[in-house]
1. How big is the charge dipole of the chain about its Cα centre, in debye rounded to the nearest 20, if each Lys and Arg gets +1 on its Cβ and each Asp and Glu gets -1 on its Cβ?
2. In the chain, with Lys and Arg counted as +1 and Asp and Glu as -1 at Cβ, which of these residues, 67, 242, 188, has the Cα nearest the positive end of the dipole, that is, farthest along it?
3. Relative to the compact globular guide of 2.2 N^0.38 Å, what is the alpha carbon radius of gyration of region 87-259, as a ratio?
4. Could you give the nm distance between label points at residue 66 and residue 101, where each point is 7 Å from its Cα heading toward the beta carbon?
5. Per DSSP H run of at least 4 residues, take -39500 (n - 2.57); add these up for the chain, divide by its residues and hand me the 222 nm value, nearest 500 deg cm²/dmol.
6. Would you tally the net charge around residue 96, using a Cβ to Cβ cut-off of less than 12 Å, leaving residue 96 out, and scoring K and R as +1, D and E as -1?
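Coordinate-derived values only; no laboratory data. Computed from a predicted model, the values in this text were never measured in an experiment. Note: ideal-geometry Cβ built from the backbone for every residue, glycine included; neighbour counts use all protein chains shown.
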Amino acid sequence: MQTATTVMDKADAAGGPVGAGSQTLMRGLDLIEAVSHEMLTLSELAARLDLTKSTTHRLLSALVDRGYLAFTPRAGYRLGPKLLLLGTLAQAQADLVQVARPHLEELAAATEDTVHLGILDGDRALYLDKVPGRRRITISSRVGDRQPLTSTGLGKALMIDHSPAYWRERFDADQATGAPKADHAVWHERMQGYASCGRAFDLEENEDQIRCVAAPIRDAAGKIVGAISVSSAAQYMSDARMTTLSDEVRGTADAISHELGYEPSAD
């Protein structure tokens, strides 16, 4: 009698029914978990996961090709370099959220507005944390959202150390992929001002009637590793209040940076 696993092996080989992709993904994860404890050979892995050797070899080859596993001749398979990188990144993100959270809560309580924490994720701002304010305002952001860099306060704060050429590249890309339309000359002039004073604004550019003040977070090497923002309805965010909030937001970002080991230069 064929086992359910063997039947699925044949289905995969034929292209697979609906849901076969998920089954393949789960098998790949099972393989990674199996070698996380000890180095194992192809035969050992096939037996442990109750798979055919051909299916096991196909999955292992894909994982090695992507760097999730590595192969040592006559010894077997072990965790690969990609997992070391992902582990480092995951640790960095977890540490940032953990360090920042008390500061975000304190800032939200002091301003009564919504506070966000985000990082640069490729060509987007990734929202890692959100502390709602006390005002009865709906702000559509959610943890896990990826938003354009050029139209969000967080995004601008995350890239204020980048070159004007990078700014232009991101501006053109965001404009081409659905970001709210903006005039580059005006936007660029504002970015220069943000870079010079270490904070950024969102002037209803990403969400109608929502404004925010944002500032970058730096690590021990002085590199920007995240940003925070205070967001509220435009009626509570006059130009004067945004100017006043700038010091408070920068101060909170600096406090988080200090806990990450950052010390500003004496210059």
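1. That gives the chain a dipole magnitude of about 780 debye.
2. Farthest towards the positive pole: 67.
3. 0.94
4. Distance between label points: 2.9 nm.
5. After summing the helix terms and dividing by the residues of the chain, the value is -16000 deg cm²/dmol.
6. So the surrounding residues net to -2.
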